[in-house]
Every structure is written in structure tokens, then in C-alpha cells.
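Q: Let me begin by handing over the structure; questions about it come next.
Every number here is computed from the coordinates shown, using simple stated rules; none is lab data. Small disclaimer: the values here were computed from a predicted structure and weren't measured. Please note: Cβ atoms are built from the backbone with ideal geometry, for glycine as well, and neighbour counts cover all protein chains shown.
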Ligand SMILES: [Zn+2]
Ligand SMILES: [Zn+2]
């Protein structure tokens, strides 16, 4: 049973390791335009990381019309991924793909 699903717009692609899931999110989906600052970032994990590393929760809530449950859910996803993922491996895989 794969442990990680993509989840972008209901995408149910599933992966055994989190690095593959992030590579899929980055290569398999449209880029996401940050609603706070307009930066184009890969959707999925990188979009979440951008939102919470670069902006405050208040900015996120305002720009995305989100509630605190949505913030907590994303913070939980980010924490789970960062506990598990070898992000250097992700970056290496992304560098190698076209
Ligand atoms: Zn997907
Ligand atoms: Zn931004």
C-alpha cells in the first residue's frame, strides 16, 4: 500500500516514497502562482513550503481565503514530509529530469 498520495486537485497518484511523490507533483502538474506574492512555484509540497516559509499565516489566510483548519492541515503535511523526505534527493532527481 503506497504511503504517499499526490492530492493536487484530487490527483490520486500514489507512491511508496515521499521523494517520488514530490518529483511527481513538480513535473506532473501545472506550476502554482503564489496568491500572496505572485511567484511561480511547483505545486504540492514546494507550494506549501513557499507559502509558510515566505509568508505569515495571516497573509496565507487572507490571500487564499483559508481558515485555520486549512492552515493546520498544510502545516501537518509539511511537517510529515520534512520528517521523511531527503530533499537533496528530490533536488537531484529534478535536476536530472528534462
Ligand atoms: Zn498528481
Ligand atoms: Zn509567495
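Q: For residue 3 and residue 92 in one chain, what is 0.36 nm times their gap in residues minus the Cα-Cα distance, to one decimal in nm?
A: 29.9 nm
Q: Which number comes out as Rg/Rh for the chain once both Rg and the Kirkwood Rh are worked out on C-alpha atoms?
A: Rg divided by Rh gives 0.96.
Q: Can I ask one more? Does segment 17-61 classify as rounded, prolate or oblate by the C-alpha gyration tensor (a ≥ b ≥ c root eigenvalues; a/c under 1.5 gives rounded; else a/b over b/c gives prolate, otherwise oblate)?
A: Oblate.
Q: Also: Residue 77 to residue 14: extension gain in nm, 0.36 nm per residue of separation minus the Cα-Cα distance?
A: My answer for the length gained is 21.2 nm.
Q: With contacts defined as alpha carbon pairs under 8 Å and 6 or more residues apart, what's the relative contact order of segment 1-69 in percent?
A: That works out to 21 percent.
Q: Apply 1/(1 + (r/R0)^6) to the Cβ-Cβ distance of residue 84 and residue 62, taking R0 = 30 Å, and write down the FRET efficiency to the nearest 0.05.
A: Efficiency computed from Cβ-Cβ geometry: 0.50.
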